[in-house]
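The values are calculated or read from the model by the stated rules, or taken from the named source; none is laboratory data. Model, not experiment: these values are computed from the prediction. Here the Cβ positions follow ideal geometry from the backbone for every residue, glycine too, while neighbour counts run over all protein chains shown.
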Amino acid sequence: MFRKVAIEAQNSYYSEMFNSKTNSIKKLWENLNTVCSFKKKEQLEMWLTSYQVVAKWLLSLEKYAMNLILTFQVLATYYRMS
């Protein structure tokens with residue numbers, strides 16, 4: 001499950017990173033250089049950013065699930081009362 005979520009978040013991250021509608025040409029080249037760089041520091045920063053994106057995505061998924069549970073609880077209470 002985590003692997004699937006991580007892959008989806010990584011795809012989303014790279015799609016945003018190379019989105020030509022939101023990034024300038026200069027920024028696109030910088031991002032490409034960061035991804036293709038063989039320098040360890042930049043690779044580490046890239047992986048940390050990827051994991052931060054996954055963490056944010058998981059937190060938003062958790063919030064959505066909690067809201068859904070609360071909605072079901074409210075509906076169950078409403079239908080028990082009527």
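Data overview
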item	result
Restricting the range 16-27 to residues that are within 18 Å of Val53 (Cβ to Cβ) and in a helix (DSSP H, G or I), the residue that is modelled with the highest pLDDT	Lys27
Filter result (surrounded by 12 or more Cβ atoms within 10 Å (Cβ to Cβ) and among the small types (Gly, Ala, Ser)) within the range 1-24	Ala6, Ala9, Ser12
Filter result (closer than 19 Å to Ala6 by Cβ and not β-branched (Val, Ile, Thr)) within the range 54-82	Ala55, Lys56, Trp57, Leu58, Leu59, Ser60, Leu61, Glu62, Lys63, Tyr64, Ala65
